[in-house]
Structure formats: C-alpha cells, structure tokens
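Below: the structure, in structure tokens.
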Amino acid sequence: MELSTSQRFYERAQKLSPAGVHSPVRAFKSVGGTPIFFERGLGSKIYDVDENEYVDYCMSWGALALGHAYPAVVEAIQTQAALGTHYGTPTPHDVELAEIILSALHPFEELRFVSSGTEAVMTALRLARGVTGRDKIVKIDGAYHGHVDSLLVAAGSGLVTQGLSDSAGVTKGSVNDTLVIPPGRTEALDHVFAEHGKEIAAIIVEPVMANNGLFELGKEYLQYCRDISKKHGALLIFDEVITGFRLAWGGAKAYYGIFPDIGTYGKIIGGGMPVGAIAGSKFVMEHLAPIGKVYQAGTLSGNPIAMVAGIANLRGLQKTNFYETTRELGLYMDEKIARIQKNAGRKPFGFRRIESLFWFSFGSSQMPTTSQEILPHAKPLYAEIFHGALDRGVYLAPSAYEVGFLSSSHTKSDIDKLVSVIEKI
C-alpha cells in the first residue's frame, strides 16, 4: 500500500505530541511500524489519507455499533452544530437521552452524564466511598477501568494484594486503598472481605473483561460478587463502558440478570462523540452534588452534540436490529474461523467471541482463561498478523490484547475478507 502521506503526517505529529499520538495504543508500539492517519469512514470501511480502504474491526474501540457515519447520527450532529456546540446549561437533549438509557437500565432510576468512561469510573468510585463512608476498593487483576489513578495498579502474588502503582506519576497513596484479586476465584472474594470487609466501599468489575484479552467472568461469579458485597454493606459497580448496550439493550446487567448498585457507561451511548455516564438508584445517585456531599462537575457534561448523537445511535440500535444482526454475523464468523483453525499448522491460534466482541490469541489453539496466561510470543505473532491484515485492507486493533468489534454495518463478505486474510498469513 502507498502510505507516504500518512508517514509525512506522522513526522509532523512526532514534533508536536508524545509519540505523535493522543492515546498510547495508536502509536503502533505494540505491533511496530508507522501509525496510519485516517480521514473518513463509511459503514464498515475506513479510508486513510492515502485513500486506502480497510474493513474496520476496531470501530472506534467499540463506540460505533452501527458503523461509520451512520446517517441518522450524522444528521443529528449537523443539525445541532448549526444551533451551537455547547451552552453550559441543561438542554432537552440530555433529558431525552437519559430517558432512553434509563428505560433500558431498569431498575436504575437516575444517571449523570460526564465526558468519558474514565471520568464515569472516577465518579463512581468517589460516589461509592461517599455512600458507604468507607475507603477501600476491590478490583480484579487484568481488568481495565480507564486511567483513574487508584485503579492503575499491578497485582502481586497471592489471593489479595494491596495495589502497587502501575504507572509513573501515580503515588503510593493513590493506590493505598485498592485491593487486587485474581479473576474468577470466589475464595479470593471470601478472603478479601474476611480481612477488610468493614473497610470496603465497593467491588468494581468489568462483567466481560475486554481490554486485556477477552474473558467472561460468568454469571455465577458475578452473582457471588453481588451477594458478598451486599452481605458486607459494600456496593457493586459494573464497569459497562464496553459492554453497555453492546451485549444487550440493557448491557451486561440485563444479559446476566444481575443488578449492581452503580453502572458506568460510555462508547455506544455517545455514537462516537465523547460521553460517559454513571447510573444507579435514586438513593445512591442523590449523594452527588448539589443534593448530596459527593462533588462532581464538568464543563462539557451533557454536551448537546454528544447527546443528540447518542439519541440517534441508541434509536438506531433498535431500528437496525443490532443484536440479531451481529449475532448472526458472529455465528457465521465462528464457523469460518473454526474451519481455518484446523489447518493452522505451525501458526495455531485461538478465537473467542462473546456476542459482538471477539478476540484472537496467537501461538496456541488453547485460549487463555486469564490475561496472565497470554503467551509471551503471542505479541510478535499478532504483530505479523496485524501487518499482514493491514496490507490486505483489514484494520484490526494495533495491540495483541485488544478485542475486535462487529457492527450492524458489517457484512458476511467483510467476515470472508478477514478470514481469508488470516488463512493466507
């Protein structure tokens, strides 16, 4: 492919920003090579500045459930932009989007909009501490909850470890109240609550871990989290920034039939615009200022362009039969991938799909059950696959640990192209 224009942009960008990017994984450090600069997208395709076309399975990291430039979303944004980009006031649009979201998230009663998933998680932790009057947070090793200081932690050995800073600039004090447990092990939950039960404000869980591989914790484990947190007076937080409105209309909460105290949302609810939300019961949510004593504010919270994009996107999920469409595509993908797995020869790989989320793990046909089991040589193998796919017009996430996303704009021919590329490589 001709990529000279992208390369020129990258040379300019490196003089202006760290690694020339505004979010680390975009720098291609995990896979090598030069980042590609894109200028437009339509449906399942994206087009770079050199006019190369790619089938996109990254889909703005899961935000674009309906594909690029979904007409109703584009029209809503254009109409609102002509009326003003932001007022710093309440608008009818934040009321309407909140009504749509809460209708899907019953029995949650109230929500508050913020501007990102990270901001939603940050607020949820502060809210849980304010509601319970406790300090400690339990998180699962390998789960990612945005770049919140107290959750950028590395685990040690053992059932429970006190968080250690996993990023420069994060103080020991910031993670002092974070307790890290291994995924899926109920004995770890028993142990952490036996040791710290009266100090724990909340457990925060990605119901499907989808930022460090793709791992399903399972309904029984999530129910155990629900039961033990309630028993000890702690709150349960579901981080649904990825799974919200992707696994089901009501997110993982509805998919598994397990109801946390607080949910955090982002990505799909903004239709590609910056947005996040925290939702919960009236009792929990009204601990937030100005009614309660837990302070939270944001200049761009409830931005009207993000609100109208979210309204159009969520309505589009229903109009396009998103869940049925992507489930059918997923089953088609399963069948095609299983066929080439049998003939993988010296380059075996595993494949996992949970509804419209999927993940390849290269180096073994046996899929890891936790992020700690990902093989050391999976990363260089993935880099080979990534660049081979890129050269053939398929865009995957530029990291071995990130997942892929199906949208309602993908077709069976798009799946065929992905499968063909992997088979050839």
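The values are calculated or read from the model by the stated rules, or taken from the named source; none is laboratory data. Here the structure is a predicted model, which means the values were calculated and not measured. Backbone-built Cβ (ideal geometry, glycine too); neighbour counts: all protein chains shown.
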If we ask which residues in the range 66-111 are at positive phi and touching a strand residue (DSSP E or B) at 6+ places or on another chain (Cβ under 7 Å), their number turns out to be 2
Going through the range 182-233 one residue at a time, which ones are in contact with an Asp or Glu (Cβ under 9 Å, 6 or more places away or on another chain), within 17 Å of residue 262 (Cβ to Cβ) and aliphatic (A, V, I, L, M)?
200, 201, 202, 204, 205, 228
Would you be able to tell me the number of residues in the range 297-329 that are of a type in the set (Val, Ile, Thr), over 16 Å from residue 80 (Cβ atoms) and in a helix (DSSP H, G or I)?
2
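Check 91, 79 and return the single one that is assigned by TED's automatic domain parsing to the domain that holds residue 278, among the hydroxyl-bearing types (Ser, Thr, Tyr) and crowded, with 16+ Cβ neighbours inside 10 Å. Let's see the steps before the verdict.
Values: 79 fails: crowded, with 16+ Cβ neighbours inside 10 Å.
From the options 91, 79, the qualifying one is 91.
Sort out for me the strands (runs of 3 or more DSSP E) sitting completely within the range 92-189 that have 2 or more residues that are more than 25 Å from residue 403 (Cβ to Cβ). I'd like the intermediate steps shown before the answer.
On the way: elements: 110-114, 136-140, 178-181.
Strands (runs of 3 or more DSSP E) meeting the threshold: 110-114.
Do the conditions hold for residue 55, that is, is it in contact with a Pro (Cβ under 9 Å, 6 or more places away or on another chain), surrounded by 19 or more Cβ atoms within 10 Å (Cβ to Cβ) and not basic (Lys, Arg)? So that I can check it myself, show each step before the final result.
Working: in contact with a Pro (Cβ under 9 Å, 6 or more places away or on another chain): no; surrounded by 19 or more Cβ atoms within 10 Å (Cβ to Cβ): yes; not basic (Lys, Arg): yes.
Spelling it out, it is not the case that residue 55 is in contact with a Pro (Cβ under 9 Å, 6 or more places away or on another chain), surrounded by 19 or more Cβ atoms within 10 Å (Cβ to Cβ) and not basic (Lys, Arg).
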So if I check each of 344, 279, 289, which one is of a type in the set (Gly, Ala, Ser), surrounded by 19 or more Cβ atoms within 10 Å (Cβ to Cβ) and either more than 30 Å from residue 368 (Cβ to Cβ) or touching a residue at least 12 places away in the same chain (Cβ under 8 Å) (or both)?
279
Restricting the first residue to the range 348-363 and requiring it to be over 12 Å from residue 405 (Cα atoms) and assigned by TED's automatic domain parsing to the domain that holds residue 374, which pairs with a second residue that is of a type in the set (D, E, K, R) and at pLDDT below 95 meet a Cβ separation below 8 Å and a spacing of at least six or different chains?
362/347
Cβ contacts < 8 Å: first residue under 16 Å from residue 185 (Cβ atoms), restricted to the range 224-236; second residue aromatic (Phe, Trp, Tyr) and surrounded by 18 or more Cβ atoms within 10 Å (Cβ to Cβ), any location; separation 6+ or different chain. Result?
228/193
Please name all residue pairs, on different chains or six or more residues apart, with Cβ atoms under 9 Å, provided the first residue is in the range 389-410 and is within 30 Å of residue 318 (Cβ to Cβ) and the second residue is of a type in the set (Lys, Arg) and buried (at least 23 other Cβ atoms within 10 Å of the Cβ).
405/246
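Looking at the range 29-82 only, could you name the residues that are assigned to a helix (DSSP H, G or I), of a type in the set (Val, Ile, Thr) and free of Cβ contacts under 8 Å to residues at least 60 places away in the same chain?
74
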Residue 386 - would you say it is crowded, with 19+ Cβ neighbours inside 10 Å, touching a helix residue (DSSP H, G or I) at 6+ places or on another chain (Cβ under 7 Å), of a type in the set (A, V, I, L, M, F, W, C) and within 30 Å of residue 3 (Cα to Cα)?
no
What pairs can you find where one residue is in the range 181-193 and outside the structural domain of residue 207 (by TED's automatic domain parsing) and under 15 Å from residue 206 (Cα atoms), the other is surrounded by fewer than 16 Cβ atoms within 10 Å (Cβ to Cβ) and hydroxyl-bearing (Ser, Thr, Tyr), and their Cβ atoms are less than 6 Å apart, with a gap of 6+ or different chains?
none
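If the requirement is being modelled with pLDDT of 95 or more, touching a helix residue (DSSP H, G or I) at 6+ places or on another chain (Cβ under 9 Å) and in the same structural domain as residue 238 (by TED's automatic domain parsing), which of these qualifies: 153, 55, 138? Please lay out each step first, then the result.
Working: 153 fails: modelled with pLDDT of 95 or more; 55 fails: in the same structural domain as residue 238 (by TED's automatic domain parsing).
Just a single option satisfies the conditions, and that option is 138.
Considering only the range 394-414, I want to know if a residue exists there that is under 24 Å from residue 208 (Cα atoms) and part of a helix (DSSP H, G or I). Full working, then the answer.
Kept after step one, since they are under 24 Å from residue 208 (Cα atoms), are these residues of the range 394-414: 395-410.
Imposing the further condition that a residue be part of a helix (DSSP H, G or I) reduces the set to none.
No, every residue in the range 394-414 fails to be under 24 Å from residue 208 (Cα atoms) and part of a helix (DSSP H, G or I).
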